[in-house]
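S.K.: Below: one structure in structure tokens.
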Amino acid sequence: MQLASGESFQLSKPVAGIELITVANADANTLRVTVVGETGAPVVELFDSQSEGLVFGVTSTASTAQQPTPTPEQQLPIELQVIGAPEGSYNVPDASTATKTPTPLRDIPQSIQVVPRQSSEAQGAVNAIDALRSVGVIQAFNSPSNGDVFTIRGFQTTNILHNGLKDYVGGATTGQTQLNDIEQIEVLRGPASVLYGQGNPGGTINFITKQPLSEPYFAASMTVGSYSLYQPTLDISGPLNSDKTLLYRLNVSYFNTESFVDFFNSQRYLIAPVVSWQIDPNTKVTFETEFRYQQQFPRTGLPAVGTVLSNPNGKIPLSLNTLDVNAKNDTTSVLLGYNLEHRFNDNWSWVNAFKVRFVGFLRDSANSVALQPDGRTLRRSEQTDIGGPGVDNEYALDNHVTGKFKIGGLQNELVAGFDLYREINIYNRTMSTVGSIDLFNPVYGQPVGAVTSTLNQKTINDDIGLYIQDLVTLAPNLKLVLGGRGDFVQSSVTNFLNASANRSQPDQAFSPRVGLVYQPIQPISLYASYSQSFSQNLGTAFGGSLFKPSTGTQYEVGVKGDFLSSRLSSTLAVYQLTLSNVLTTDPNNPTFNVQTGEQRSRGIELNVTGEILPGWNAIASYAYTDAQVTKDNVYAIGNRLPNVPFNSASLWTTYTFSKSNLQGLGFGLGLFYVGERQGDLNNAFSVPSYVRTDAAVYYQRGHLGIALNFKNLFNVQYFTPRTINFVYPEDPFTVQGTVSWKF
């Protein structure tokens with residue numbers, strides 16, 4: 001956040017009563033604004049505008065009633081210092097996911113971490129899993145349907161947002177999330193139902209997309225790498241008219257790669273145009289579309305016996321593909337949406353946002369079922385979408401007002417609104433027999449046998465939510481957050497083959513949030529919070545009673561700090577998160593379930609983000625997570641939740657030379673540690689710990705950029721648990737190089 005090197009800006013007599021306004025650089029991260037009044041100290045206000053950014057309001061004493069002769073003290077100029085993140089810094093001071101408005105991280109009574117575009121680019125990240133590797137509390141893998149699967153604080157999460165709107169389908173079924181149109185990723189840890197409705201308790205991931213720029217911008221890149229990887233990208237933006245009220249941005253990319261896995265190939269397309277229109281000084285609307293297409297070979301993993309466990313036949317080759325060469329897994333996604341913002345005045349504004357995502361998917365591949373007792377024969381089944389692609393569409397609407405006002409002398413920042421969400425899932429799928437495969441002598445192309453089952457159904461999930469949240473300033477260094485939300489949900493299933501299996505279930509829930517933030521000194525915040533989440537459970541118990549929603553309850557305390565002139569920020573959090581009303585087998589009627597299950601996660605988390613020295617940036621995280629079964633009729637009490645290590649840590653750091661003949665040259669280093677994890681809820685097997693090392697070297701000179709990224713530098717062999725008795729082998733050592741041109 002700087003003016004051009006060595007420059008300052010002055011405005012003489014801009015309005016009556018104001019002598020001079022000066023804007024100058026204070027340091028690499030701070031602007032100093034000085035306002036001098038003609039007859040006395042002016043009134044200067046600073047506030048955030050959603051349509052115009054940071055706005056200064058200046059009122060002179062001349063514009064008020066006649067003032068007495070000013071004293072010398074009154075004639076002193078007013079000075080403000082504005083601190084922002086320098087270009088290239090990893091430190092992002094504000095986030096909107098926790099409050100729906102840009103809020104300083106230190107004022108949020110919950111742990112939240114932001115992964116900026118600069119970090120993702122330096123890592124050479126090609127998807128969201130790559131980018132979020134630096135957030136040590138997240139465990140991630142790509143599911144058999146090739147959607148991203150994330151585990152936060154011990155619980156798998158489907159809470160995916162796209163610019164603050166629910167995008168659960170986008171995260172689960174549209175394939176790996178590409179990053180070419182993503183500006184930053186915000187990770188809110190713990191329940192978020194108070195603002196976003198039903199969801200898992202572990203956390204929420206919000207993908208913030210790139211927005212149109214008022215000045216012409218062009219960026220193109222070409223990445224090539226191991227396993228025939230290549231990815232061209234294009235990012236262009238600028239004004240569409242002379243007064244710059246109509247802006248556009250267009251991101252286009254193509255990605256293609258093979259793999260260390262036999263006959264594996266993946267290709268993905270992304271086209272994402274965005275247009276914004278500043279209708280008047282107080283009203284702005286942004287229209288966005290996004291087209292994604294992914295054609296990727298399905299992943300089913302390998303048996304644990306022969307990979308992380310011993311097998312009398314030896315080690316299973318990690319390159320083995322247990323499917324057939326003609327396996328199909330195609331996904332098409334089209335997103336349309338808008339975001340309308342209107343500012344009534346400096347204190348009140350209104351946001352109306354909508355998006356719809358249409359997804360079509362076509363699956364035709366074998367599934368791994370079970371390893372036979374001989375340790376080499378893998379039983380499989382064939383899954384086929386018939387009658388055309390399956391459909392998974394979602395609609396999301398959010399409508400809210402934000403306001404700043406005082407009651408009883410206390411400053412309030414209010415967010416209140418309602419949202420609507422609908423998901424429609426339709427598919428016609430068969431399961432058929434297919435020949436088993438010998439893991440040590442595979443024979444492909446085996447014919448598909450008889451159909452064993454057919455599932456042809458439509459599922460509709462509706463959610464209507466009313467929410468309110470208030471951030472109350474009790475004292476200059478003490479803030480209280482109070483929030484609550486009521487949800488009314490309805491799920492229905494229509495079975496086109498068996499009408500007796502049709503069912504519909506309504507539910508309602510209230511989700512509160514309470515938080516307190518205390519700043520004993522300016523750079524330090526102490527906080528405590530209580531929050532809840534809920535998630536609908538479909539079905540009935542023995543006797544016909546409907547299941548209640550599962551409820552997540554979290555208690556969290558922590559400390560946040562801003563250091564080195566706010567260039568570096570950190571959060572230390574301690575929490576307990578309990579998921580209750582978990583379904584478990586009815587001991588008296590084993591074909592039914594009861595809601596006596598409970599799972600609990602306790603942990604400590606530390607994350608540090610920002611610029612340590614000029615040019616030296618880092619993102620570091622550590623998490624201790626004790627996630628276990630506390631009540632259940634099937635799994636032993638104390639069993640650890642799957643894919644949740646006790647200890648995990650990550651570090652990504654870069655240094656860029658800014659002076660001398662080395663200006664523009666930079667280096668990056670990444671260390672990612674994941675401790676031992678259990679493979680399933682039975683705790684039947686464990687997956688070993690690992691340390692992965694990444695490295696980067698890059699050079700930026702003028703418009704040209706060159707980068708080399710080395711991933712899994714020491715070729716460490718490591719695995720991710722997939723499901724009962726299966727694991728995913730992860731990528732070995734790879735290299736990728738990128739050439740970019742920006743102006």
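S.K.: Any idea how many residues of the stretch 509-524 are over 23 Å from Gly202 (Cα atoms) and crowded, with 18+ Cβ neighbours inside 10 Å?
M.R.: 1
S.K.: Would you pick out the residues in the stretch 609-627 that are among the aromatic types (Phe, Trp, Tyr) and more than 30 Å from Leu579 (Cα to Cα)?
M.R.: The answer is Trp616, and nothing else.
S.K.: Shifting gears a bit: Examine the stretch 336-358 for a residue that is out of contact with any Lys or Arg (no Cβ under 7 Å at 6 or more places or on another chain), of a type in the set (Gly, Ala, Ser), in a strand (DSSP E or B) and free of Cβ contacts under 8 Å to residues at least 60 places away in the same chain, and state whether such a residue exists.
M.R.: Checked the stretch 336-358: no residue is out of contact with any Lys or Arg (no Cβ under 7 Å at 6 or more places or on another chain), of a type in the set (Gly, Ala, Ser), in a strand (DSSP E or B) and free of Cβ contacts under 8 Å to residues at least 60 places away in the same chain.
S.K.: Can you tell me which condition Val691 does not meet? The list is (1) hydrophobic (A, V, I, L, M, F, W, C); (2) closer than 22 Å to Ser648 by Cα; (3) surrounded by 14 or more Cβ atoms within 10 Å (Cβ to Cβ), and all the others hold.
M.R.: (3)
S.K.: Answer yes or no: is there a residue in the stretch 569-588 that is without any contact (Cβ under 8 Å) to a residue 12 or more places away in the chain and out of contact with any helix residue (DSSP H, G or I) (no Cβ under 6 Å at 6 or more places or on another chain).
M.R.: No, because not a single residue in the stretch 569-588 is without any contact (Cβ under 8 Å) to a residue 12 or more places away in the chain and out of contact with any helix residue (DSSP H, G or I) (no Cβ under 6 Å at 6 or more places or on another chain).
S.K.: Something else: Confirm whether Gln278 is within 30 Å of Ala370 (Cβ to Cβ) and assigned to a strand (DSSP E or B).
M.R.: The answer is no for Gln278.
S.K.: Given the criteria more than 21 Å from Lys100 (Cβ to Cβ), polar (S, T, N, Q) and not in a strand (DSSP E or B), does Asn456 qualify?
M.R.: no
S.K.: Look at Asp392 and say whether it is acidic (Asp, Glu) and either modelled with pLDDT of 95 or more or outside any strand (DSSP E or B) (or both).
M.R.: No.
S.K.: Return the only residue of Thr384, Thr433, Thr402, Thr377 being polar (S, T, N, Q) and crowded, with 19+ Cβ neighbours inside 10 Å.
M.R.: Thr402
S.K.: List, please: which pairs have Cβ atoms under 6 Å, are six or more places apart or on different chains, and start with a residue in the stretch 310-329 that is in the same structural domain as Gln267 (by TED's automatic domain parsing) and end with one that is basic (Lys, Arg) and surrounded by 18 or more Cβ atoms within 10 Å (Cβ to Cβ)?
M.R.: Asn313/Arg376; Asn329/Arg363
S.K.: Okay, next question. Take the stretch 95-110 and flag every residue that is out of contact with any helix residue (DSSP H, G or I) (no Cβ under 7 Å at 6 or more places or on another chain) and either in a strand (DSSP E or B) or among the hydrophobic types (A, V, I, L, M, F, W, C) (or both).
M.R.: Those that are out of contact with any helix residue (DSSP H, G or I) (no Cβ under 7 Å at 6 or more places or on another chain) and either in a strand (DSSP E or B) or among the hydrophobic types (A, V, I, L, M, F, W, C) (or both): Ala98, Thr103, Pro104, Leu105, Ile108.
S.K.: Also: Restricting the search to the stretch 584-613, which residues are in a strand (DSSP E or B) and more than 21 Å from Ile637 (Cα to Cα)?
M.R.: The answer is Ile604, Glu605, Leu606, Asn607, Val608, Thr609, Gly610, Glu611, Ile612, Leu613.
S.K.: In the set Ala509, Ala528, which member is touching a residue at least 24 places away in the same chain (Cβ under 8 Å), part of a strand (DSSP E or B) and closer than 19 Å to Phe155 by Cβ?
M.R.: None of the other options fit; the residue is Ala509.
S.K.: State whether one or more residues within the stretch 290-300 are of a type in the set (A, V, I, L, M, F, W, C) and buried (at least 16 other Cβ atoms within 10 Å of the Cβ).
M.R.: Scanning the stretch 290-300, I find at least one residue that is of a type in the set (A, V, I, L, M, F, W, C) and buried (at least 16 other Cβ atoms within 10 Å of the Cβ), so the answer is yes.
S.K.: Working only within the stretch 462-490, note down all residues that are in contact (Cβ under 8 Å) with a residue 60 or more places away in the chain, closer than 21 Å to Asp167 by Cα and out of contact with any helix residue (DSSP H, G or I) (no Cβ under 7 Å at 6 or more places or on another chain).
M.R.: If the condition is that a residue be in contact (Cβ under 8 Å) with a residue 60 or more places away in the chain, closer than 21 Å to Asp167 by Cα and out of contact with any helix residue (DSSP H, G or I) (no Cβ under 7 Å at 6 or more places or on another chain), then Asp463, Gly465, Asp487, Val489 are the ones that fit.
S.K.: Right, here's the next one. Of all the residues that make up the stretch 405-418, how many are among the β-branched types (Val, Ile, Thr), without any contact (Cβ under 8 Å) to a residue 60 or more places away in the chain and crowded, with 16+ Cβ neighbours inside 10 Å?
M.R.: Total meeting the criteria: 0.
S.K.: When the residues of the stretch 306-335 are narrowed to those that are touching a strand residue (DSSP E or B) at 6+ places or on another chain (Cβ under 6 Å) and assigned to a strand (DSSP E or B), which ends up surrounded by the fewest Cβ atoms within 10 Å (Cβ to Cβ)?
M.R.: Lys328
S.K.: State all residues of the stretch 723-743 that are assigned to a strand (DSSP E or B) and touching a Lys or Arg at 6+ places or on another chain (Cβ under 8 Å); if no residue qualifies, say none.
M.R.: Tyr728, Thr734, Val735, Gln736
S.K.: So which residues in the stretch 528-548 are crowded, with 18+ Cβ neighbours inside 10 Å and either out of contact with any Pro (no Cβ under 7 Å at 6 or more places or on another chain) or within 16 Å of Val194 (Cβ to Cβ) (or both)?
M.R.: Passing the criteria: Ser529, Ser531, Gln532, Ser533, Phe534, Ser535, Phe547.
S.K.: Output yes when any residue across the stretch 566-583 is touching a strand residue (DSSP E or B) at 6+ places or on another chain (Cβ under 9 Å) and assigned to a loop (DSSP other than H, G, I, E, B), and no when none is.
M.R.: Checking the stretch 566-583: at least one residue is touching a strand residue (DSSP E or B) at 6+ places or on another chain (Cβ under 9 Å) and assigned to a loop (DSSP other than H, G, I, E, B).
S.K.: Do you know which residues across the stretch 200-210 are within 14 Å of Leu165 (Cα to Cα) and surrounded by fewer than 24 Cβ atoms within 10 Å (Cβ to Cβ)?
M.R.: Within the stretch 200-210, Phe207, Ile208, Thr209 qualify.
The values are calculated or read from the model by the stated rules, or taken from the named source; none is laboratory data. The model shown is predicted, which means the values in this text are computed figures rather than measured ones. Positions of Cβ are generated from backbone atoms using ideal geometry, with glycine treated the same way; all protein chains shown enter the neighbour counts.
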